[in-house]
Each structure stands twice: as structure tokens, then as C-alpha cells.
Amino acid sequence: MRPPAFPPSRLPALAVIAALAACSGPKSSTVKLPSGTPERRGLEPPVVINPDPGVEYPAALFEQGIEGKVVLRLFVDSTGHLVRDSTRIAESSGYPALDSAALSAAAGFRFAPARDNDVPVSVAFLQPVQFRHPQRGGTTP
């Protein structure tokens, strides 16, 4: 029996050299990757698309000049539709009538869907609703 041309301990090194030699071909067969990575936009939140969402300022609080902010937790699906049962108060204004008005108005909000890297996605998010009295320098949303 004839001994192998290369000792067995050298075979792994030769396999690596053979693989490298096979990969190094003429430059025309080399695939050039883009120099930079594509810009990732990340998550873009939903956008309200109805300019007048129809939030009713409670009359009694309006007459008293009471202002406040309610933060709603909303869930919008990938088509931009509000999932109604998901609407919650994340932060109360301290006035139940303002909180109730904000919750009632949420059903009328219309959204363009959130986007993740330009792909429409479902997302939960916080939506502030401001109640500002015009005579105090504010505006009602």
C-alpha cells in the first residue's frame, strides 16, 4: 500500500487552501456588494387624516374655562382602522367629563397606518387630546 501524498494532519489545511483557490476567480465573476447599507426609516407612527376630528368640549367645563389634556392609548391596524375596543385612557385629565369626551371622540379619528420601513403595520400608540379654552389663548382640537 502506498502512503498518501500528504500526511493526514495536513489535509484540513489543504481543504481550506483549495476552497480559497476555488473562490478566487476572475474579477468579472465577483459580485460587488453595495458600499452602504440601505437607510432604515424605522417605525413611523399613524397620522390623523381627518383635520377636524370632532372633539366635543363639555359645555359646563367650557363655561368655567377649565382646560386639560387626556392621553388615549389607541390601537390602529395595518389598514389604518382604529380597533375600537382597544381605546383606553392612558393619562387622565383629572376631569371625568374631559376624559369621557376624548373617549367618545376617538371613534371618529381617522388614521393613515403606521409604517415600519415603508410597510404598513398594526401598532398601539398614545394620542393626546387637548382641551384649550379659546379665551385663555388656546384652541380646541
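If you go through the range 85-141 one residue at a time, how many are touching a Leu at 6+ places or on another chain (Cβ under 9 Å), β-branched (Val, Ile, Thr), in contact (Cβ under 8 Å) with a residue 60 or more places away in the chain and closer than 18 Å to residue 58 by Cβ?
So the answer is 1.
Residues in the range 88-111: is at least one touching a Ser or Thr at 6+ places or on another chain (Cβ under 9 Å) and β-branched (Val, Ile, Thr)?
no
For every residue, the table says whether it meets (1) surrounded by 17 or more Cβ atoms within 10 Å (Cβ to Cβ); (2) basic (Lys, Arg).
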| residue | (1), (2) |
| --- | --- |
| 73 | no, yes |
| 79 | no, no |
| 90 | no, no |
| 102 | yes, no |
| 112 | no, no |
| 119 | no, no |
| 129 | yes, no |
| 136 | no, yes |
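Restricting attention to the range 44-71, and to residues there that are loosely packed, with under 12 Cβ neighbours inside 10 Å and under 19 Å from residue 112 (Cβ atoms), which single residue is modelled with the lowest pLDDT?
In this case the residue turns out to be 51.
Within the range 61-91, track down each residue that is of a type in the set (A, V, I, L, M), in contact with a helix residue (DSSP H, G or I) (Cβ under 7 Å, 6 or more places away or on another chain) and either in a helix (DSSP H, G or I) or under 24 Å from residue 134 (Cα atoms) (or both).
Listed by number, the residues that qualify are 61, 70, 72.
The values are calculated or read from the model by the stated rules, or taken from the named source; none is laboratory data. What you see is a predicted model; the values in this text were computed from it and never measured. Positions of Cβ are generated from backbone atoms using ideal geometry, with glycine treated the same way; all protein chains shown enter the neighbour counts.
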